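The structure appears right after this line, and notes come after that.
The values are calculated or read from the model by the stated rules, or taken from the named source; none is laboratory data. Predicted, not measured: the structure shown is a model, and the values here were computed from it. All Cβ positions, even for glycine, are placed from backbone atoms using ideal geometry, and neighbour counts span all protein chains on display. For accessibility, only protein heavy atoms count, side chains too; no ligands or nucleic acids. Shrake-Rupley method; radii C 1.70, N 1.55, O 1.52, S 1.80 Å.
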Amino acid sequence: MADVKKENWFKRTWGKVCKYFRELRSELKKVVWPTPKQVLKNTAIVVGCVIAVGVFIWLFDFVAQVGIDALIGAFH
């Protein structure tokens, strides 16, 4: 029976790390990066949506607080 010697742990691990970065580089070459104009447009849309949702939450909170204060005032 022949003894088959395994590579040491460091060589196996280093090989896996190298393979990971080779594959990562290969995948990053396939990415279609947005243009600065697209980034600016998308950022503006996100900021606008955040502001709109913030105003909606603030308005709902304000109306609820006024309603609760009116109820408390009516029974106090």
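Listing for the model above:
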quantity	calculated
Kirkwood-Stokes translational diffusion coefficient of the chain, alpha-carbon pairs, 37 °C, 0.692 mPa s, µm²/s	170
Fully extended contour minus Cα-Cα distance, from T13 to I45, at 0.36 nm per residue	7.1 nm
Accessible surface of the chain [probe 1.4 Å, protein heavy atoms]: carbon and sulfur percent	71
Accessible area of the chain divided out per residue, in Å², using a probe of 1.4 angstrom	103
In nm, spacing of pseudo-spin labels at T35 and I72 (7 Å Cα→C-beta vector)	5.5
